[in-house]
Amino acid sequence: MNETVISVKNLVKKFGDFVANDNLNFEVYKGEIFGFLGANGAGKTTAIRILSGLSSPTSGEVTVAGVDAFHRPELIKKQIGYMCQKFSLYEDLTVKENIILYGGIYGMKIGVIRQRVGELLEKLKFTEYENRIIADLPLGLRQKLAFSVAVLHNPKIVFLDEPTGGVDPVTRRQFWEMIYETASGGITVFVTTHYMDEAEYCDRISIMNEGRIVALDTPGNLKKNYNVGTVEEVFIRIARPEINKN
Amino acid sequence: MKRFLGFVNKEFLHIFRDFRTLIILFGIPVAQILIFGFAVSTEIKNANIAFLDFSNDEITRRIEDKIISSGFFNRTSDILNYNQIDGLFRKGKVREVIVFEKDFSRKLLSEGKATLDIITDGSEPNTATLVTNYTLAITTAFTQDLAKGSLTGAPQIVPQVRMYYNPNLQSHFMFVPGVITLILILICALMTSVTIAREKEFGTMEVLLVSPLKPVQIILGKVTPYFLLSFINVILILILSWLVFDLPVRGSLVLLLLESMLYILMSLSLGILISTVSKTMQQAIFISLIGLMVPTILLSGFIYPIENMPKIYDFVSAIIPPRYFIIIIKNIMIKGTGFLYVWKQTAVLMVMTALFIGVSIRKFKIRLQ
Amino acid sequence: MQNIVEASAVSKSFGTTGALEDISFNIGESEIFGFIGPDGAGKTTLFRVMTTLLVPDSGSVKVFGLDSVSDYRIIRNEIGYMPGRFSLYQDLTVEENLNFYATVFGTTVNENYDLISDIYSHIEPFKKRLAGKLSGGMKQKLALSCALIHKPRLLVLDEPTTGVDAVSRVEFWEMLKKLKAFNITIVVSTPYMDEAMRCDRVALIQEGHLLSINNPQAIKNEFRGRLFSVKAGEKHRLITALRQYPATLSAYPFGDAMHVTFVDDEPGETLGTFMKDQRLEDFIIEETEAGIEDRFLQLMSARETV
């Protein structure tokens with residue numbers, strides 16, 4: 001289970017003079033739940049966009065699912081799923097329409113799509129919502145559906161950008177259970193979040209601050225190293241010297 | 001291919017579920033055809049003319065009949081001397097005055113030549129050209145008819161064309177006042193509607209509402225800077241037109257500026273009104289531009305005279321403020337008239353302004369719902 | 001001491017969606033009162049009713065003893081309101097924003113400077129920077145300063161810490177604590193359960209209903225039953241295993257452990273063998289103290305079964 005699915009070497013991303021990602025180096029293994037933590041503006045979203053082929057790095061080597069993300073980003077798209085907080089599903093389409101649409105976009109055969117639709121709706125207990133417009137669904141249900149759609153085509157890796165913002169505690173946990181299930185099925189999950197307690201659900205986490213990775217390990221090891229009880233306290237220990245720079 | 005079709009299908013769904021897109025797709029073309037079909041005309045109908053007939057003989061009357069029976073013109077009462085011409089044009093009562101000199105028939109038949117003065121209101125150059133050309137066509141045809149029955153050779157009716165107010169028939173006499181009218185209302189309405197909608201969209205409006213600021217203060221606070229800046233804008237445009245186009249201000253400059261201030265105020269308050277019904281900046285821009293631009297250009301008499309349009313457009317045009325300002329600005333700038341000739345239009349604009357402000361204040365929500 | 005805010009059976013819906021249902025509560029002077037609940041719970045709607053921006057469909061809200069509907073003008077003079085992150089003018093500088101709000105409330109920056117000096121000192125070096133160019137944490141501090149500049153009696157903050165990093169959140173709450181000394185009553189909403197502990201009293205709100213109102217410690221004590229923390233190496237299998245275990249009443253992931261309650265409050269002797277069968281021999285179980293989030297989850301699931 002130690003096959004590397006993501007490999008990042010000396011990744012740099014600049015926007016003009018501003019260095020959003022400063023020399024990132026890390027690897028992610030198959031079936032891992034890898035947490036990418038950091039404050040807003042630390043560079044998480046920039047990095048995840050590069051990894052999912054949405055933007056190109058300024059320099060460095062980025063390999064995702066065996067594909068060179070720098071030079072052939074378009075080849076990544078079949079191997080990955082992507083879900084971001086702000087938008088994933090079309091608000092004025094129904095649940096079923098969204099699933100079918102994305103199935104088509106991923107190039108799945110129509111027969112397979114129809115089958116998956118049924119399976120998905122049953123698993124999420126959504127069958128009654130089949131023809132509901134997304135805009136009418138509560139946030140928690142939307143997030144769960146968006147995640148299911150992101151892994152509809154069984155990608156090798158799924159990228160989740162702040163997927164649980166503002167969601168109620170019960171739904172948040174159900175969401176993470178879905179993530180667990182997905183990971184144990186062999187799909188690697190790369191998730192960013194600023195909920196520090198969610199860091200604990202990950203196999204390994206990295207903490208970003210001002211464009212750099214300042215910590216990378218299992219949550220347990222980090223807590224031991226900094227001699228604290230929660231990942232949040234680890235974060236505060238690391239970030240504290242930076243307060244005055246703000 | 002499947003992906004493509006799936007995507008196309010989604011786009012159809014979006015379109016049919018969004019009412020506004022449907023309006024744009026179907027409503028606007030239909031409206032445009034109707035408007036362009038009827039409002040835009042490159043011919044004239046019902047142009048008012050008056051005759052100043054010093055001869056009053058058989059031939060002049062035949063010419064007059066020919067002109068009227070063509071159907072393009074509308075005869076208003078004859079005048080008796082040259083002094084009355086100015087008044088007719090100032091009041092905008094006629095587009096053209098046709099003057100027959102004394103002893104017209106005799107001069108035409110014995111001397112073979114008689115002059116016909118065609119004096120046209122040049123403050124609307126397009127229409128003036130058309131009207132003049134139509135008149136000339138009729139008189140030329142008449143001359144040719146005469147020539148058929150004559151033994152002494154072709155008699156000539158020599159037309160002398162004079163463009164009142166605009167001797168050189170410069171088109172910017174039409175353009176510049178029209179453009180000023182259009183620009184002022186668009187920019188003023190657009191600016192104020194957007195600035196209020198912006199506060200709503202960005203959420204800062206909530207905080208303003210919870211503050212001691214009264215709605216009147218918020219509205220006036222928004223309007224004042226634009227008022228001052230637009231006024232400076234007007235002065236700039238006037239200076240430019242004078243320098244570049246030689247456009248005169250034949251009437252009172254002070255009156256023109258005062259009327260401009262009124263018009264600006266009206267446009268700003270229209271913008272406020274638009275903002276009270278807009279939830280987002282996009283909506284405000286949409287209503288201000290689409291809702292104001294087309295009617296102003298086509299239905300205010302800016303380019304196409306209102307008298308050429310079916311009666312119903314006349315009613316529609318009556319609620320379009322630019323219609324009144326165009327009359328005011330042309331009268332003052334090109335015809336050089338004073339307040340007496342524009343008081344009606346001024347009054348209408350005042351009423352409209354008061355109405356817009358009043359309704360805006362009432363509609364301005366002191367709460368979020 | 002008169003209550004600063006009194007809400008009585010407040011209900012509000014938008015079309016067919018009910019946003020608030022029969023909400024009643026009191027807030028006393030100088031309290032830090034927190035509304036804790038997820039998105040869509042009704043916190044923003046409730047705050048808008050409190051700050052006179054919305055009229056309730058039924059029930060009433062009194063602020064400073066005045067009715068929020070009829071006496072809104074007076075109330076608005078003495079409230080400081082921060083509606084999330086969007087209360088600043090992005091294209092004005094820090095200084096200009098502050099001056100604007102001071103002037104609008106008929107005061108000057110200097111008059112109440114002592115109130116905001118602690119907070120403002122963090123951003124004063126950037127006073128000529130455009131508000132839109134500030135980081136999330138700095139925007140919060142500026143928005144707070146602007147809300148305080150006229151020394152309001154009641155400060156209403158709608159999700160002031162959402163999207164802000166952990167360090168700034170801690171600093172923000174320290175600043176709020178210091179404001180109590182000025183006799184300012186503070187009402188805050190937040191989706192972060194841990195921030196509940198920093199309030200004097202807390203109301204848990206979910207889907208327009210108040211689930212509980214009390215001081216944080218009391219809410220924790222309200223937890224019914226004994227709470228156990230169970231850990232094992234294979235987190236995913238642990239979740240499924242516990243759910244399948246017949247004596248489990250509830251099981252929720254909490255960081256690196258599962259928080260579990262059992263029928264009759266006893267794990268039962270069969271737990272050991274059950275775990276062995278699931279190849280989770282390395283599991284550890286110990287009793288633990290319930291936190292606010294545990295109580296919230298308990299209340300939420302109680303509502304669902306009702």
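Coordinate-derived values only; no laboratory data. In this text the structure is predicted, and so the values were computed from the model without any measurement. A quick note on method: Cβ atoms are made from the backbone with ideal geometry, for glycine too, and the neighbour counts reach across all protein chains shown.
Couple of notes before you dig in:
- The residues in the stretch C:218-246 that are part of a loop (DSSP other than H, G, I, E, B) and either hydrophobic (A, V, I, L, M, F, W, C) or buried (at least 21 other Cβ atoms within 10 Å of the Cβ) (or both) can be counted, and the count is 2.
- Residue selected from the stretch B:250-274 under the condition among the small types (Gly, Ala, Ser) and outside any helix (DSSP H, G or I), by the criterion surrounded by the most Cβ atoms within 10 Å (Cβ to Cβ): B:Gly251
- Sole exception among (1) on the phi > 0 side of the Ramachandran plot; (2) under 17 Å from the mean Cα position of the chain (by Cα) for C:Gly15, by number: (2)
- Qualifying residue in the stretch C:139-157 (condition: more than 22 Å from C:Phe105 (Cα to Cα) and either crowded, with 18+ Cβ neighbours inside 10 Å or under 13 Å from the mean Cα position of the chain (by Cα) (or both)): no
- Any chance A:Tyr129 is out of contact with any Lys or Arg (no Cβ under 7 Å at 6 or more places or on another chain) and either within 13 Å of chain C (Cβ to nearest Cβ) or more than 20 Å from A:Ile33 (Cβ to Cβ) (or both): yes
- Enumerated strands (runs of 3 or more DSSP E) restricted to the stretch C:7-124, each holding at least 3 residues that are of a type outside the set (Ser, Thr, Tyr) and facing another protein chain (nearest Cβ under 10 Å): C:79-83
- Unmet criterion (only one of (1) within 14 Å of chain A (Cβ to nearest Cβ); (2) assigned to a helix (DSSP H, G or I); (3) more than 30 Å from C:Lys151 (Cα to Cα)) for C:Ser250: (2)
- Selection from the stretch A:184-205 of residues that are over 29 Å from A:Gly104 (Cβ atoms), in contact (Cβ under 8 Å) with a residue 40 or more places away in the chain and of a type in the set (Phe, Trp, Tyr): A:Tyr201
- Subset of the stretch B:157-181 (residues that are surrounded by fewer than 20 Cβ atoms within 10 Å (Cβ to Cβ) and part of a helix (DSSP H, G or I)): B:His172, B:Phe175, B:Val179
- Some residue of the stretch A:71-78 being in a loop (DSSP other than H, G, I, E, B) and in contact (Cβ under 8 Å) with a residue 24 or more places away in the chain: yes
- Failed item in (1) among the β-branched types (Val, Ile, Thr); (2) surrounded by 13 or more Cβ atoms within 10 Å (Cβ to Cβ); (3) without any contact (Cβ under 8 Å) to a residue 24 or more places away in the chain, with B:Ile319 passing the rest: (2)
- Residue match in the stretch C:253-270 (condition: within 14 Å of chain A (Cβ to nearest Cβ), surrounded by fewer than 15 Cβ atoms within 10 Å (Cβ to Cβ) and over 13 Å from the mean Cα position of the chain (by Cα)): no
- Exactly one residue among A:Gly81, A:Gly53 is touching a helix residue (DSSP H, G or I) at 6+ places or on another chain (Cβ under 6 Å), more than 25 Å from A:Asn131 (Cβ to Cβ) and buried (at least 21 other Cβ atoms within 10 Å of the Cβ), and that residue is A:Gly53.
- Among the candidates B:Val216, B:Val234, B:Val277, residue that is surrounded by fewer than 18 Cβ atoms within 10 Å (Cβ to Cβ), farther than 30 Å from C:Ile149 by Cβ and in contact (Cβ under 8 Å) with a residue 24 or more places away in the chain: B:Val277
- Counting only helices (runs of 4 or more DSSP H) that sit wholly inside the stretch B:1-96, those with at least 2 residues that are over 31 Å from the mean Cα position of the chain (by Cα) are B:2-17, B:58-69.
- Residue within the stretch C:179-189 that is of a type outside the set (A, V, I, L, M, F, W, C), within 13 Å of chain A (Cβ to nearest Cβ) and more than 16 Å from the chain's Cα centre (by Cα) present: no
- Neighbours by Cβ (under 9 Å, 6+ apart or cross-chain): first from the stretch A:156-183, more than 9 Å from chain C (Cβ to nearest Cβ) and without any contact (Cβ under 8 Å) to a residue 12 or more places away in the chain; second β-branched (Val, Ile, Thr) and in a helix (DSSP H, G or I): none
- Listed by first and then second residue, the pairs with beta-carbon distance under 6 Å, at least 6 apart or on different chains, first residue in the stretch A:22-46 and away from chain C (no Cβ under 13 Å), second basic (Lys, Arg) and crowded, with 17+ Cβ neighbours inside 10 Å, are A:Phe34/A:Arg204; A:Phe36/A:Lys44; A:Thr46/A:Lys13.
- Residues considered: A:Ala146, A:Ala150, A:Ala135. Of these, the only one that is among the small types (Gly, Ala, Ser) and over 16 Å from the mean Cα position of the chain (by Cα) is A:Ala135.
- Long-range neighbours under 8 Å by Cβ, at least six apart or interchain, first residue within 9 Å of another protein chain (Cβ to nearest Cβ) and closer than 18 Å to B:Phe7 by Cα within the stretch A:99-125, second of a type in the set (Lys, Arg) and buried (at least 19 other Cβ atoms within 10 Å of the Cβ): A:Leu101/B:Lys10; A:Gly103/A:Arg116; A:Met108/A:Arg116
- Where B:Leu247 falls short, out of the listed (1) of a type outside the set (Val, Ile, Thr); (2) in a loop (DSSP other than H, G, I, E, B); (3) without any contact (Cβ under 8 Å) to a residue 12 or more places away in the chain: (3)
- Scanning the stretch A:85-141 for residues that are in contact with a helix residue (DSSP H, G or I) (Cβ under 7 Å, 6 or more places away or on another chain) and of a type in the set (Lys, Arg), we see that the one that is surrounded by the fewest Cβ atoms within 10 Å (Cβ to Cβ) is A:Arg132.
- Every pair of residues 6+ apart whose Cβ atoms lie under 6 Å, when the first sits in the stretch B:90-108 and is closer than 18 Å to B:Ser77 by Cα while the second is surrounded by fewer than 19 Cβ atoms within 10 Å (Cβ to Cβ) and basic (Lys, Arg): none
- Subset of the stretch A:201-214 (residues that are surrounded by fewer than 23 Cβ atoms within 10 Å (Cβ to Cβ) and either touching a helix residue (DSSP H, G or I) at 6+ places or on another chain (Cβ under 6 Å) or at the interface with another protein chain (Cβ under 10 Å from one of its Cβ atoms) (or both)): A:Asp203, A:Asn209, A:Val214
- If the condition is being more than 23 Å from B:Leu247 (Cα to Cα) and either among the acidic types (Asp, Glu) or part of a helix (DSSP H, G or I) (or both), then the stretch B:311-337 contributes B:Lys311, B:Ile312, B:Tyr313, B:Asp314, B:Phe315, B:Val316, B:Ser317, B:Ala318, B:Pro321.
- For the stretch B:338-369, the candidate set comprises residues that are in contact with a Ser or Thr (Cβ under 9 Å, 6 or more places away or on another chain) and in a loop (DSSP other than H, G, I, E, B); within that set, the residue that is surrounded by the most Cβ atoms within 10 Å (Cβ to Cβ) is B:Phe364.
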